[in-house]
Amino acid sequence: MQNFESGKWLKAHKDIENIRAVIFDLNGVMRGKRLPLAQLDKAIKGGVRLPLSAANVDIWGRDIENSRWVFESGDADGGTCWTGRGPLPMGWTDRNAAMVPLSLTYNDGRPFEGDPRNLLALILDKFAQHKLYPVAAFEMEFYFSDPRLHDGDMPKTPTSPLTGALNLREGVLSVEDLEGHDRLISEIYDCCAQQDIAADAAISEAGAGQFEINLLHGSDCLKVADDAMLFKQIAKGVARKFGLAASFMAKPYAERPGNGMHVHLSVLDEKGRNIFDDGSEQGSAAMRHALAGLLAAMPESMLIFAPHQNSYRRFAIEQHAPIAACWGYENRTTALRVPLGPSSQRRIEHRVAGADTNPYLVLAAILAGVLAGLESEDTPPPPHIGSAYEADLPALPASWKAAHDAFAEGDMLKQYLPGCFARCCLIARLKKCADLRVISLPLSINLILIRHKYAISTL
């Protein structure tokens, strides 16, 4: 861990009034403590203690039944370790604050495997043992809505500051839609720069009020996943500052496209060479092995790629989300897309995960599939040509229950996910599913939730 001089930092940031010592839980929700500024050094040096169970509550923030980390252990505290990131200014708070991202540890300093960030670190260590180093990037899709405006249960898209009109049309790559929210989007970029997040291109997406901001690729995959997680907090926080809500819900509107979180991935060897590049458009044998592993792991990984009941409403025919485990070159209807272009940039785009997911878990599951494929040297089926929506292909689990079953019965992820973490993950999802069955929430519940900005912030 790098040295940090808290006194020097405080002198350079005299506007900061308090800090937030935070971790991210199973569902990607930020949890932690607000601390006086005088305790910054304590947070940096691992002096903040948190219950180990805090990383493994359900989406409602409640204890997971039968979790070994709650009553079986006396709901014991664990230690924390500074991630080396921050303190990060939070430009959207009423009082100037900065967050200190932490990871959970046991009392002896060992990483706590129930912390999703630590899980990703474990899989990256496995790659390093093979002298392989993944390179990844995230595409972040989200909707802006105005919680003050609604038509019945449905929230409305925000009015344009330029025209005063509601944005009711689909605007794929509309520069006008970007300009309509230029101040808000510019402030998101400003906050990203303050937190050392390499935000790249922004586009207007297919849904009315829907946007996408891409994050630049990097070979430090922990930082890449950190960036994706922190970006969500920035987008939601800045939107609130403008009186709006930013929703990363997978399917906030029944009649509009859902929010995805696509992941671009390649792998470097110890000499920095892309192992997916053999100088051809087809890509290397290593790339095909990785594709085979990703396809094999996809059904049991679905609980991670689609963790909520609402997540499965995103997967529909011709709704810009894959419904089958297949791959293809330059084919956005397949689950795995291999972009063409210069061979040095050969990579795989994983298109399954929704924006409502935990980036640490998503990337960990993807890397587990890649590593399994590289180790087994299996061969994928031929690339799919044409629409994958119209073909007879292996279907992805189409329901929450089916995803639970595939996760519980699968063998591949168990080789890479620590047993207690896999157990907690499964129990959390099953508890949530059971709760929803008991209270019989109507189909519209996920649409209603968007009206409540604080509910949105949990997704």
*Can you find a residue in segment 268-280 that is under 28 Å from A316 (Cα atoms) and either buried (at least 21 other Cβ atoms within 10 Å of the Cβ) or free of Cβ contacts under 8 Å to residues at least 24 places away in the same chain (or both)?*
no
*Answer yes or no: is there a residue in segment 46-54 that is in a helix (DSSP H, G or I), more than 16 Å from V100 (Cα to Cα) and free of Cβ contacts under 8 Å to residues at least 60 places away in the same chain.*
yes
*The listed residue being crowded, with 18+ Cβ neighbours inside 10 Å and either over 18 Å from A368 (Cβ atoms) or not acidic (D, E) (or both), out of A296, A254*: A296
*In segment 262-276, what count of residues is obtained for those that are outside any strand (DSSP E or B), within 23 Å of P339 (Cβ to Cβ) and in contact with a Phe, Trp or Tyr (Cβ under 9 Å, 6 or more places away or on another chain)?*
2
*Looking only at segment 389-443, and only at residues there that are assigned to a loop (DSSP other than H, G, I, E, B) and at pLDDT below 65, the one that is surrounded by the fewest Cβ atoms within 10 Å (Cβ to Cβ)*: S440
*asked:* For the structure I just gave you, tell me whether G84 is surrounded by fewer than 23 Cβ atoms within 10 Å (Cβ to Cβ), small (G, A, S) and outside any helix (DSSP H, G or I).
replied: yes
*Quick one: which of A245, A325 is closer than 17 Å to G354 by Cβ and hydrophobic (A, V, I, L, M, F, W, C)?*
A325
_I'd like the residue in segment 59-78 that is buried (at least 21 other Cβ atoms within 10 Å of the Cβ) and of a type outside the set (A, V, I, L, M, F, W, C) and, out of all such residues, is modelled with the lowest pLDDT._
S67
_Test: L367 is buried (at least 24 other Cβ atoms within 10 Å of the Cβ), without any contact (Cβ under 8 Å) to a residue 60 or more places away in the chain and under 28 Å from L230 (Cβ atoms)_ = no
*Quick one: how many residues across segment 286-343 are among the polar types (S, T, N, Q) and over 17 Å from D405 (Cβ atoms)?*
6
*Which residue out of V263, V338 is among the β-branched types (V, I, T) and over 21 Å from Y416 (Cα atoms)?*
V338
*Applying the selection to segment 244-261, what residues are in a loop (DSSP other than H, G, I, E, B), among the hydrophobic types (A, V, I, L, M, F, W, C) and within 22 Å of D182 (Cα to Cα)?*
L244, F248
*Cβ-Cβ below 8 Å, separation at least six or inter-chain, first residue in segment 197-212 and within 8 Å of R256 (Cβ to Cβ) and assigned by TED's automatic domain parsing to the domain that holds Q233, second surrounded by 23 or more Cβ atoms within 10 Å (Cβ to Cβ) and among the small types (G, A, S): which pairs?*
Q210/S204
*Do you know which residues across segment 363-388 are more than 25 Å from the chain's Cα centre (by Cα) and not hydrophobic (A, V, I, L, M, F, W, C)?*
E375, S376, E377, D378, T379, P380, P381, P382, P383, H384, G386, S387
*Scan segment 219-237 and give yes if some residue there is closer than 23 Å to A198 by Cα, out of contact with any helix residue (DSSP H, G or I) (no Cβ under 6 Å at 6 or more places or on another chain), in contact (Cβ under 8 Å) with a residue 12 or more places away in the chain and assigned to a loop (DSSP other than H, G, I, E, B), otherwise no.*
yes
*Taking the residues in segment 33-45 that are aliphatic (A, V, I, L, M) and over 10 Å from V100 (Cα atoms) as candidates, determine which candidate is surrounded by the most Cβ atoms within 10 Å (Cβ to Cβ).*
L35
*If you scan segment 5-17, which residues turn out to be of a type outside the set (D, E, K, R) and at pLDDT 90 or above?*
I16
*Name every residue in segment 219-243 that is of a type in the set (G, A, S), surrounded by fewer than 18 Cβ atoms within 10 Å (Cβ to Cβ) and over 23 Å from D177 (Cβ atoms), in order of residue number.*
S219
*For segment 8-33, how many residues meet the condition of being in contact (Cβ under 8 Å) with a residue 24 or more places away in the chain and outside any loop (DSSP other than H, G, I, E, B)?*
12
*asked:* Within segment 88-122, take every residue that is part of a loop (DSSP other than H, G, I, E, B) and touching a Pro at 6+ places or on another chain (Cβ under 9 Å) and give me the one that is surrounded by the most Cβ atoms within 10 Å (Cβ to Cβ).
replied: G114
*Hey, among the residues in segment 161-198 that are part of a loop (DSSP other than H, G, I, E, B), surrounded by fewer than 17 Cβ atoms within 10 Å (Cβ to Cβ) and of a type in the set (V, I, T), which one's modelled with the highest pLDDT?*
V172
*Could you identify the single residue in R34, R20, R85 that is more than 21 Å from A225 (Cβ to Cβ) and either touching a strand residue (DSSP E or B) at 6+ places or on another chain (Cβ under 8 Å) or at pLDDT below 90 (or both)?*
R34
*Taking the condition of a type in the set (D, E, K, R), within 17 Å of the chain's Cα centre (by Cα) and surrounded by fewer than 22 Cβ atoms within 10 Å (Cβ to Cβ), does E349 pass?*
yes
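The values are calculated or read from the model by the stated rules, or taken from the named source; none is laboratory data. Given the structure is predicted, the values throughout are model-derived calculations rather than measurements. Heads up, the Cβs are rebuilt from the backbone with ideal geometry, glycines too, and the neighbour counts pull from every protein chain shown.
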